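Chemist: Sending over a structure as structure tokens; questions will come in a sec.
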Amino acid sequence: MTNQQEPVNGIYTQIFNPLRKPLSAYNCPVCGNVGFIEKYSPTGEMYMQECSCKSIRKNLRMLDRSGLREMIKLYRLDNWQSVDEWQHTAKALAENYIAKQNGWFVAVGAKGSGKTHLCTAVASSLLAHGHDTLYVLWRNFAPRAKAAVNNCDFYNSIVSPLTKVSVLYVDDLFKMGKGEQPTVADVNLAFEILNERYLDPTKLTIISTEFNFSELLNIDEAVGSRIYERSKGYRLDFTGKPNWRLRE
Ligand SMILES: [Zn+2]
């Protein structure tokens, strides 16, 4: 026995592997960070098959751009504090959602209640399952999209990834600048994205927001009702829960 790690890929890859640059910080045990797996046809012909880590790397790049990579390090399921009963329940709900991968996971409640922690943990778990995942912070995304509304191509380039991606995590939906309320343009933007995802049940959507469900319905019934309906079984209401940042 030696300490050397067993090569995970085939002979060609072992030869050429040292010539390649590492693909990213992600360490793939399947292909040894080559991005391809050597396969052989029944006649013995070698061919390369793209490794499943490609989508993981793609997502990591997206996460890098979005800034979620740092959040993932901070907010994990294994460092979620389950002291009180509601915290056990919240974690169990998150684990159940990750296992089922169905519907929308929605956490509402005040800042610091833990909703971003749990939503980030859920998003990163789905990412680890190989889902294309996109993270947007509403207060950064919405002004950019609204400013581009008269430039059709640019607008679509901003908005359509959110409608198409397998897993979308919208953080702090409808959170505006201090003293501001969501406008008609915000509601239209949210509806455009969420309605498209609502119509395709295979799409997973994670939402955190400081507005509770009746407030969401008050902001817009069409948006609020879709969020409510799709999140059946996976609604977390952190309203009135202690602020964890103050307890730390
Ligand atoms: Zn790989």
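Chemist: Going Cα to Cα from Lys111, which aspartates and glutamates come in below 17 Å? Please leave out same-chain ones fewer than 8 positions away.
Modeler: The qualifying aspartates and glutamates are Asp171, Asp172, Glu180, Glu210, Glu215, Asp237, Glu248.
Chemist: Right, here's the next one. If a/c stays under 1.5 just call it rounded; otherwise compare a/b with b/c (prolate if a/b is bigger, oblate if not). Do that for the stretch 28-176, with a ≥ b ≥ c from the square roots of the Cα gyration tensor eigenvalues.
Modeler: Judged from the Cα gyration tensor, the stretch 28-176 comes out oblate (a/c at least 1.5, b/c at or above a/b).
Chemist: If I stretch the segment between Lys111 and Asn151 completely, what's the gain in nm (0.36 nm per residue apart, minus their alpha carbon distance), one decimal?
Modeler: Here the answer is 11.0 nm.
Chemist: Carbon and sulfur: what percent of the stretch 117-236's accessible surface (1.4 Å probe)?
Modeler: Its accessible area is 51 percent carbon and sulfur atoms.
Chemist: Still on this model: By how many nm would the segment from Glu196 to Leu217 lengthen if fully extended, with 0.36 nm per residue of separation less the alpha-carbon distance?
Modeler: Value of the extension gain: 5.7 nm.
Chemist: Between Asp78 and Tyr47, what is the spin-label point distance in nm, taking each point 7 Å from the Cα along the Cα→C-beta axis?
Modeler: My value for the distance between the label points is 3.9 nm.
Chemist: Another question, then. What accessible area per residue, rounded to a whole number of Å², is obtained for the stretch 93-191 using a probe radius of 1.4 Å?
Modeler: 42 Å²
The values are calculated or read from the model by the stated rules, or taken from the named source; none is laboratory data. Note that this is a predicted model, so its numbers are computed, not measured. Cβ coordinates were reconstructed from backbone atoms using ideal geometry, including for glycine residues, and neighbour counts include every protein chain displayed. These area figures cover heavy atoms from the full protein model, side chains too; ligands, DNA and RNA do not enter into them. Shrake-Rupley method; radii C 1.70, N 1.55, O 1.52, S 1.80 Å.
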